[in-house]
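Worksheet: the structure to be examined is printed underneath.
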Amino acid sequence: MADKAIEAPLVALVLGPQGAYAAGPGLDEPWPRDVVGPRFGEVARQRRPRWVVWSASLGLRPLVTQGLAVPRVWDLAEVHRIIHGGWRASPGHIWAACRGLPETGVPAPPRPRLAGFDGDLFDAAGDEDGPLTASGHLRPDALTTWPSTPDRLRQLARMALDCQAYQADSLCRIVPDDPARARRTAWSESAAAVLCLELERDGLPVDRLAAEDLIGVAAGRRPVDQDDADRIRRARDRVVLAHAPGRERTDLRNPVQVRELLASVGVDVPNTRAHVLEPYRQTNPLVDALLAWRKDERIATTYGYRWLDEHVGPDDRLRGAWAACDGAAGRMTAQNGLHNLPAPLRPAICAEAGHVFVRADLGQIEPRVLAVVSADRAFAEATRSDDLYAPVAARLGSDRPTAKVAVLAAMYGQRSGAAGEALAQLERAYPVAMGLLDRAYADGVAGRSVRTFGGRLIRLGPGSAPPAPATPRPAGSSTAGTAGGRFSGASAGDVASPGLPPGTDAGRGRFARNAIIQGSAAELFKAWAATVRSAVAPLEGRIVLCLHDELLVHVPEDRAADAAAAVDTALQSAARLWSGTNAVRFVADTSIIRRWSEAKP
DNA sequence: CCGTGGACGTA
DNA sequence: CGTACGTCCACGGC
């Protein structure tokens, strides 16, 4: 029904060094540098278009940084990732897919300040003035230095519209029983990419003094110089080494030495991981001191004073780079600790004066998503309950803990041993949902690529390529992956590498099964976040953190109740639109708080 | 100098 | 009860 609505006109927007160019139906105009912001606002108001950009980062960053709202977007890079899987989605990759050119031929951008070149120089421009190389690929500088004239920008805008048409056509065929579903995914993933720019712009509010105090508890006072830092560090180490007379020279940061140290006091372990050492904690003061030391060391090194100084700005906002999807299933990623802040530091995440956080997290999102993806009517029935495991337990004739373990084991586990009997009952009670999980597992084992509910490709098999590294480094230096799973290179070894499915059969099976659930959940989450973003904007609310199933909205105190209501309403409409049904219920736990730590667990 | 593995934080 | 990611550290090969 929403699809019957008249769709927004598509307007391509390309930014260049001197200005911008906008092209769409009845619109074809260069924007000189100083009118880009105002003109964007006018066209947005008058035509309410969907802005087609090579990526939100390339096409919209300056506008978002200025504080402009960018409501409807088609991010060619994000949509490319949905259709083709993986993470690499440079303009060159987008163009190659649109024209059916081999991904392997996409020229890499020149690598700054590195000696070695890898032959890209030989794919010279076919026409010195044109945007393409001799082999028909987009030249690597096409979106950076090349578009120095309005005419060149115009060519790139036209090409963007070409690519959009190709992508829209491809998306129609991805989900045969609902051709519009993948297009909706394209819209919300594009919105997520814009949201990432806003998250980078706004940052997460930090109570700096509280943060200093909390860091001090773990890492000691702030050192005045390097010698002082070394002294404090040695003092922290001595607390542990005092339990090991004669071995005070052990380097606690060297796992091999730590293992030898533990052996000397009779603790014989294969490795020194926390869960391995936990059983010895009560009986051995050295182990207890070591594990406590590790917690402090984590904060001292990763979330210490340096972290505070480098990533929390003068406006007391913690900032890092955000990505709308990772290289595997499609969850959002964030840098600089935004996604892995240790719980003891959470009291430092504090709303500004006169503001509060509306915090909301989705309850039991993955089993509910399983109900959608599998279209299991009996399992969907269970989602009507606030606590999905209660009706499942009733149906299995077991208690709740058993039902929960069985469901989790079915979704993530080895499907053997452990919850045996309950698992067998689960299979009988919900054969449709369990069938989907079994098929996903089999696909993974066989190396067949799979898709999430919304249509994102999860690559398995020889064409899988790892994501580009998150740390900034010269583009194009990404690892060698073959194109689109087309031809088989050397198959992956037995050792897993980032973004690549594991080499073992069972490993790939679990990967595929998990990716469908986790990736589909990520889609719902982003659809929710995009809806929340526009719903709280009139309340001066801003999303300041996305954490897989949790949202933190920063909002003026007197709008908090309205914002909280909007967050819940947004979930209902986003879930309805994403799932295409009312049969599966999604629930959020929403609260209004000043500090993140006030959230229940 | 760079890549790799251990360890651990989050979901 | 498995998957994913980001970060720091030490090591070892180059």
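The values are calculated or read from the model by the stated rules, or taken from the named source; none is laboratory data. The structure displayed is predicted, hence computed values, not measured ones. With ideal geometry, Cβ positions are generated from the backbone for all residues, glycine too; neighbour counts draw on all protein chains shown. Only protein heavy atoms, including side chains, enter the accessible area calculation; ligands, DNA and RNA are left aside. Shrake-Rupley method; radii C 1.70, N 1.55, O 1.52, S 1.80 Å.
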Notebook entry, point to check: When you look at A:Pro367, is it more than 28 Å from A:Ile83 (Cα to Cα) and not small (Gly, Ala, Ser), yes or no?
Noted result: no
Item checked: Pairs where the first residue, in region A:202-228, is not assigned by TED's automatic domain parsing to the domain that holds A:Val358 and open to solvent by 60 Å² or more (accessible area, probe 1.4 Å) and the second is part of a helix (DSSP H, G or I) and among the aliphatic types (A, V, I, L, M), C-beta under 7 Å, 6+ apart -> none
Notebook entry, point to check: If we scan region A:143-151, do we find a residue that is buried (at least 18 other Cβ atoms within 10 Å of the Cβ) and either under 30 Å from A:Ala375 (Cβ atoms) or under 27 Å from the mean Cα position of the chain (by Cα) (or both)?
Noted result: yes
Margin query: Consider region A:295-353. How many of its residues are under 23 Å from the mean Cα position of the chain (by Cα) and at positive phi?
Written below: 3
Item checked: Sole exception among (1) open to solvent by less than 40 Å² (accessible area, probe 1.4 Å); (2) within 16 Å of DNA strand C (Cβ to nearest atom); (3) touching a residue at least 12 places away in the same chain (Cβ under 8 Å) for A:Ala382, by number -> (2)
Notebook entry, point to check: assigned to a helix (DSSP H, G or I), surrounded by fewer than 20 Cβ atoms within 10 Å (Cβ to Cβ) and either assigned by TED's automatic domain parsing to the domain that holds A:Ala588 or touching an Asp or Glu at 6+ places or on another chain (Cβ under 9 Å) (or both) - does that describe any residue in region A:417-424?
Noted result: no
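Of the residues in region A:518-562, how many are more than 16 Å from DNA strand C (Cβ to nearest atom) and closer than 21 Å to A:Ile365 by Cβ? If you could, list the steps in order and put the result at the bottom.
Step one: filter region A:518-562 for residues more than 16 Å from DNA strand C (Cβ to nearest atom), giving A:527-544, A:551-562.
Checking which are closer than 21 Å to A:Ile365 by Cβ leaves us with A:527-533, A:535-536, A:543-544, A:551-553.
Final tally of qualifying residues: 14.
Residue-by-condition table, conditions (1) open to solvent by 50 Å² or more (accessible area, probe 1.4 Å); (2) in contact (Cβ under 8 Å) with a residue 40 or more places away in the chain; (3) assigned to a helix (DSSP H, G or I); (4) touching an Asp or Glu at 6+ places or on another chain (Cβ under 6 Å):
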| residue | (1), (2), (3), (4) |
| --- | --- |
| A:Gln257 | yes, no, yes, yes |
| A:Val267 | no, no, no, no |
| A:Pro279 | yes, no, yes, no |
| A:Asp288 | yes, no, yes, no |
| A:Glu297 | no, yes, yes, no |
| A:Glu310 | yes, no, yes, no |
| A:Pro314 | yes, no, no, no |
| A:Gly320 | no, yes, no, no |
| A:Ala328 | no, yes, no, no |
Margin query: Condition check: open to solvent by less than 10 Å² (accessible area, probe 1.4 Å), within 30 Å of A:Ser188 (Cα to Cα) and near DNA strand C (Cβ under 9 Å from one of its atoms). Does A:Leu338 satisfy that?
Written below: yes
Notebook entry, point to check: Which of the residues belonging to region A:160-205 are of a type outside the set (Phe, Trp, Tyr), touching a Cys at 6+ places or on another chain (Cβ under 8 Å) and outside any loop (DSSP other than H, G, I, E, B)?
Noted result: A:Asp162, A:Cys163, A:Gln167, A:Ala182, A:Arg183, A:Glu189, A:Ala192, A:Leu195, A:Leu199, A:Pro205
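Can you confirm whether A:Arg249 is charged (D, E, K, R), outside the structural domain of A:Arg33 (by TED's automatic domain parsing), farther than 29 Å from A:Gln66 by Cα and without any contact (Cβ under 8 Å) to a residue 40 or more places away in the chain? Let's see the steps before the verdict.
Numbers: charged (D, E, K, R): yes; outside the structural domain of A:Arg33 (by TED's automatic domain parsing): yes; farther than 29 Å from A:Gln66 by Cα: yes; without any contact (Cβ under 8 Å) to a residue 40 or more places away in the chain: yes.
Against the criterion (charged (D, E, K, R), outside the structural domain of A:Arg33 (by TED's automatic domain parsing), farther than 29 Å from A:Gln66 by Cα and without any contact (Cβ under 8 Å) to a residue 40 or more places away in the chain), A:Arg249 qualifies.
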Notebook entry, point to check: Considering only strands (runs of 3 or more DSSP E) fully contained in region A:24-113, which possess at least 3 residues that are under 20 Å from the mean Cα position of the chain (by Cα) and modelled with pLDDT of 95 or more?
Noted result: A:73-75
Checklist line | Top-ranked residue of region A:352-365 - restricted to ones that are small (Gly, Ala, Ser) and closer than 21 Å to A:Ala588 by Cα, ranked as most open to solvent (accessible area, probe 1.4 Å) | finding: A:Gly363
Check: Quick check: anything in region A:176-199 crowded, with 23+ Cβ neighbours inside 10 Å, assigned by TED's automatic domain parsing to the domain that holds A:Gly92 and in contact (Cβ under 8 Å) with a residue 12 or more places away in the chain?
Finding: no
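With respect to A:Asp251, is the statement that it is over 27 Å from A:Pro347 (Cα atoms) and open to solvent by 50 Å² or more (accessible area, probe 1.4 Å) true?
Details: over 27 Å from A:Pro347 (Cα atoms): yes; open to solvent by 50 Å² or more (accessible area, probe 1.4 Å): yes.
Taking the combined requirement at face value, the residue satisfies it.
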Notebook entry, point to check: Of all residues in region A:341-351, how many are open to solvent by 20 Å² or more (accessible area, probe 1.4 Å) and either assigned to a strand (DSSP E or B) or among the hydrophobic types (A, V, I, L, M, F, W, C) (or both)?
Noted result: 2
Check: If you go through region A:46-59 one residue at a time, how many are more than 18 Å from A:Glu7 (Cβ to Cβ) and not polar (S, T, N, Q)?
Finding: 4
